[in-house]
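Accompanying notes for the structure given below.
The values are calculated or read from the model by the stated rules, or taken from the named source; none is laboratory data. The structure presented is a predicted model; accordingly, all values stated were derived computationally and were not measured. Quick reminder, even Gly has a Cβ in these numbers, built from the backbone with ideal geometry, and neighbours come from all protein chains shown. These accessible areas exclude ligands, DNA and RNA; they are computed on the full protein's heavy atoms, side chains included. Shrake-Rupley method; radii C 1.70, N 1.55, O 1.52, S 1.80 Å.
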Amino acid sequence: MERIPDSLPVLGRGGHRTPARGACFLEYTALLAGEVFTDAPRCVDAELAAVLRHANDVLSDADRPRLLPLLGRAIGLVAPGPAAGRLQRRVAQDLAAAVGSPLAAEELRWVRAGAVDRLFWSLMFEPVPVSTSPAWVARLVERLDLLHGCFEAALAVPAGSRV
């Protein structure tokens, strides 16, 4: 385990060398989980981590604090080995169903492949594109909450029942 920083880092865009210089969402998550300071913590599914990494970096410094209520929620949202692919496919299906928009052929391929990151960002424009930056940020935070819920629900299903 890495040494715990003397103070909590400030959320910032991109990667950081040490918590003293700030932390992206996933670096902060790694610290909270007691892992080494990294933007790829073992305790978070790779597809969920990709979404969170992109969300952290796309938000402005002023909007990034809107992610704070989600900090720590991704810890443990991961399945080992081959179960990871099943988990990702299930989450992609559940996310698509929750958003409720018809999927294009490419999006259907992403669901079958468990490409949660690609599907998530494509669905940010569904059911209709938002017209203002504040509305887009609100949708992003809402969809991140939804995505976490999809992972939590999929992990709660017994392994033999997963897709």
The stretch 52-163 - percent of accessible surface contributed by carbon and sulfur, probe 1.4 Å: 60
Dividing the Cα radius of gyration by the Kirkwood radius, what Rg/Rh value follows for the stretch 64-140? 1.01
Tally Lys and Arg at +1 and Asp and Glu at -1 over the other residues with C-beta under 10 Å from the C-beta of LEU144: what net charge comes out? +2
In Å², and per residue, what accessible area does the chain have when probed at 1.4 Å with the other protein chains present? 50
Mean separation of Cα contacts under 8 Å (6+ apart) over length of the chain, as relative contact order %: 20
